[in-house]
Amino acid sequence: MIQGFYSAAVGAQQQMLRMDVQGNNIANVNTNGFKVQVPSFQALMYGMTQGIDNNQLPRGSGSYLSGTATNWETGPMQETGRNLDYAILGEGYFALYDPATGEVSFTRDGAFTMAAFLQGGDAANGTYYLSDGEGRLVLDANGQPIPVTNPQEKLAVGVFQMQYKDGLERVGSSRFLMDAKNGQLWVADTQVQQGMLEQSNTDLGTELTQVIQAQRSYSYALKMMQTADEVETTINGLING
């Protein structure tokens, strides 16, 4: 099988992965705090080979989707009027604590609600805490759950910043986990606006354009596979003939 067929097959497969990334971005266009993913490609085992008249010709196995970077640009702000909605006006993340697992994750999605905090199997004596609505509790600047006694008042929601955002592990649509490679974590001196939410930073026009490009690249790769197969069939026919 000639190398062109393999290169085209790899290209077609990688364009399918690229379309998966773009499709996920489009699906989260209305997800609060979502950060768009940007696919990146690298060459596969490229080198030079000797051609006619000792000319050096490039030869390789195509390219592959090496990873997806995250676009950390702040999304547009939308006023909601809900007292338990919060938006970060600048750098930083809300911290969410999961009482069941002890996990702490970070998000820009400030669409919060109230939930009873059960500790040791006992109800919290009628006390409610600020929650993300999925069992996780929002933390203040001291790393403590935030009790809600008056939903009308602005609560002391903590905002945290890490040293390196690249490499944050994405869990869910708009939550992230950090580890040692993300460096230091500290309380950010950033304002929080009540009654507002940060929207997804997905640009629908850009994503649709990228989908069209990926579809065309996919169809060209398939055409290359077909052509390579036809060339090999013709050569085999000449040899056998």
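The values are calculated or read from the model by the stated rules, or taken from the named source; none is laboratory data. Note that the structure is predicted; figures quoted are calculated from it, not measured. Every residue, glycine as well, gets a Cβ built from its backbone with ideal geometry; the counts of neighbours run over all protein chains shown.
Go through the stretch 100-115 and give me each residue that's under 23 Å from Gly81 (Cα atoms) and of a type outside the set (Ser, Thr, Tyr).
Arg108, Asp109, Gly110, Ala111, Phe112, Met114, Ala115
Evaluate the following for Ala123: is it touching a Phe, Trp or Tyr at 6+ places or on another chain (Cβ under 8 Å), more than 26 Å from Val36 (Cβ to Cβ), at pLDDT below 90 and among the aliphatic types (A, V, I, L, M)? Steps first, answer last, please.
Numbers: touching a Phe, Trp or Tyr at 6+ places or on another chain (Cβ under 8 Å): no; more than 26 Å from Val36 (Cβ to Cβ): yes; at pLDDT below 90: yes; among the aliphatic types (A, V, I, L, M): yes.
In short, no.
Could you pull out every one of the strands (runs of 3 or more DSSP E) wholly within the stretch 38-94 that has 1 or more residues that are at pLDDT 70 or above? Talk me through it step by step, then tell me what you get.
Values: elements: 47-50, 56-59, 63-70, 77-79, 86-88.
Counting at least 1 such residues, we get 63-70, 77-79, 86-88.
Looking at Leu96 and the list (1) touching a Gly at 6+ places or on another chain (Cβ under 8 Å); (2) surrounded by 12 or more Cβ atoms within 10 Å (Cβ to Cβ); (3) closer than 25 Å to Asn25 by Cα, which single condition is not satisfied?
(1)
May I ask you to verify whether Gln191 is outside the structural domain of Ala87 (by TED's automatic domain parsing) and of a type outside the set (Lys, Arg)?
no
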